[in-house]
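Written out below as structure tokens is the structure these notes cover.
The values are calculated or read from the model by the stated rules, or taken from the named source; none is laboratory data. All figures in this text were calculated on a predicted structure; none of them were measured in a lab. When we count neighbours, we look across all protein chains shown, and the Cβ atoms used for this are built from the backbone with ideal geometry, even at glycine.
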Amino acid sequence: MSRQPAREVVGAIANGFTEFPTPLRDEPADGPINWPGYRAARAAAEQRTGEKESVVCGTAKIGDVEAVLIAFEFGFLGGSLGQRTGDRIEAAFAHARDARLPVVSLISTGGSRMQQGMRALLQLQRVARAAALTRSMGIPQISVLRDPTTGGGWATLGAGADVILALPDAQVGFAGSRVRPAGSPEAYTAEAKLEWGQVDTIVSPDDLGVTLERWLRLLTARSTAAAPPPSALRAASLPSTGWEAVQAARSPRRPRAVEYLDAYFDWREDVSGDRAGGVDSGVACGFGWRDGRTIAYAAQCGTPTSPAGFRTAARLVQLASRLGIPVLTLVDTPGAANDAAAEQSGAGGAIAAMFEAVATASIPVTTLVIGEGGSGGALAFAALGSTWVAPDAYFSVTSPEAAAAILKRPASEVPDIANQLHLRPQDLVDLGVARAVVSEKQG
């Protein structure tokens, strides 16, 4: 599908495509800078593709959700962005705002059209402004990276989307194949971008229509009601001591985040990465469908949370807030990663970003502590006044072991320190940290 004509791509994933009226500006036959041979190249591109420009824009239904589609035609001068391309994309975003429709960009471009010089490059500003205006209205944007997605197309519509899907083996990067440094071609692939936290998922062409339908359903289902806290996944009595609470939370038999998410949602789709080069496999983020509505989630999975994990979770909460979708967070970490690599990656700033995202969210955030609640790295995921706790979990200012080290007390006193920290689930309720201890679902 990556090099299919634009209309074939649209036809494979959508129904009832209606193309927008084409804005056609007057321009010299050889373009704004009178590039020799440009007129002939355009004429050949039109004859070869049957299109008048490098993008086709219109509305269609993907599943049951109507959306604005922006489909690049690579066969038309390499899908390059020229003045008329900018006209079409700007008009498409304007329609999306007027009709409050989500935008799906099916990208296949080599970048700006050099035959139009700086006039072509300026289209990136137009596209970025149109996308930003649309984003400010809470209208979701999804990009699909086809082959190739390079230059300004990647740096605006591609990388700037709320959810970024990519086709397998697609060439993705700011530098096109003819201008990048020699070596490391694997760095310019969709797979590399996924590994480096710049793409949410790779989708096969056969699954693209279904995947887009799921994402559009999730991102357009707004709700003002808070997410209910999940039920406990196993029967567990409350611990009699703090050390028992710590041992229960650290037990390998205790349910983990993925089990909670699978039990809570009918189905869900993950987002991945912090968009800045990092992925934390110990943080699961995405949007799920539950009882006919969408709830976003950011879940710690029991490992120390890295800066990339905090940044990914903050991105998720900010996106959900902008789209009007409530958030569920699951707390389960011994603490924030605190090694040299984490410090170099900006641990403090990443944790601060998550604290700010939760604190300033315009939608309700619900938190359940499902395992270890280790200090500030756990608290950054917790909603003030809307936190619950599972019976086999704890929350503490720091771990009992770290407290012993800080206080210069021997390891033999760690269990006693755990008792003194008042970290049991029932202690958290008494202290006003948690609203209640959740129970196992009946029936």
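Annotations
- Applying the condition of being part of a strand (DSSP E or B) and of a type in the set (A, V, I, L, M, F, W, C) to the stretch 120-153 and asking which residue is farthest from residue 187 (Cα to Cα) yields 142.
- Among the residues listed as 227, 249, 236, the single one being crowded, with 17+ Cβ neighbours inside 10 Å, at pLDDT 95 or above and not assigned by TED's automatic domain parsing to the domain that holds residue 370: 227
- Residue match in the stretch 205-222 (condition: among the hydrophobic types (A, V, I, L, M, F, W, C), surrounded by 15 or more Cβ atoms within 10 Å (Cβ to Cβ) and more than 21 Å from residue 285 (Cβ to Cβ)): yes
- Residue in the stretch 40-54 that is in contact (Cβ under 8 Å) with a residue 24 or more places away in the chain, part of a strand (DSSP E or B) and in contact with a strand residue (DSSP E or B) (Cβ under 8 Å, 6 or more places away or on another chain) present: no
- Selection count, the stretch 189-204, where residues are part of a helix (DSSP H, G or I), buried (at least 21 other Cβ atoms within 10 Å of the Cβ) and not charged (D, E, K, R): 1
- Within the stretch 93-125, restricting attention to residues that are surrounded by fewer than 19 Cβ atoms within 10 Å (Cβ to Cβ) and either touching a Ser or Thr at 6+ places or on another chain (Cβ under 6 Å) or outside the structural domain of residue 212 (by TED's automatic domain parsing) (or both), the residue that is nearest to residue 171 (Cα to Cα) is 121.
Residue-wise test of (1) among the small types (Gly, Ala, Ser); (2) surrounded by 19 or more Cβ atoms within 10 Å (Cβ to Cβ); (3) within 24 Å of the chain's Cα centre (by Cα).
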{"position": "352", "(1), (2), (3)": "yes, no, yes"}
{"position": "388", "(1), (2), (3)": "no, yes, no"}
{"position": "391", "(1), (2), (3)": "no, yes, no"}
{"position": "394", "(1), (2), (3)": "no, yes, no"}
{"position": "399", "(1), (2), (3)": "yes, yes, no"}
{"position": "404", "(1), (2), (3)": "yes, yes, no"}
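- Restricting the stretch 413-443 to residues that are assigned to a loop (DSSP other than H, G, I, E, B) and without any contact (Cβ under 8 Å) to a residue 12 or more places away in the chain, the residue that is surrounded by the fewest Cβ atoms within 10 Å (Cβ to Cβ) is 443.
- Top-ranked residue of the stretch 94-119 - restricted to ones that are charged (D, E, K, R) and not in a loop (DSSP other than H, G, I, E, B), ranked as nearest to the chain's Cα centre (by Cα): 97
- Residue under evaluation residue 155, criteria (1) assigned by TED's automatic domain parsing to the domain that holds residue 139; (2) within 18 Å of residue 286 (Cβ to Cβ); (3) not polar (S, T, N, Q), criterion not met: (2)
- Of all the numbered requirements in (1) modelled with pLDDT of 95 or more; (2) on the phi > 0 side of the Ramachandran plot; (3) not aliphatic (A, V, I, L, M), residue 37 misses one, and that requirement is (1).
- Unmet requirement for residue 410, which otherwise passes all of (1) more than 14 Å from residue 331 (Cβ to Cβ); (2) of a type outside the set (D, E, K, R); (3) touching a helix residue (DSSP H, G or I) at 6+ places or on another chain (Cβ under 8 Å); (4) in contact (Cβ under 8 Å) with a residue 12 or more places away in the chain: (4)
- Some residue of the stretch 148-157 being under 13 Å from the mean Cα position of the chain (by Cα) and crowded, with 22+ Cβ neighbours inside 10 Å: no
- Single unsatisfied condition, residue 156 versus (1) over 30 Å from residue 61 (Cβ atoms); (2) part of a helix (DSSP H, G or I): (1)
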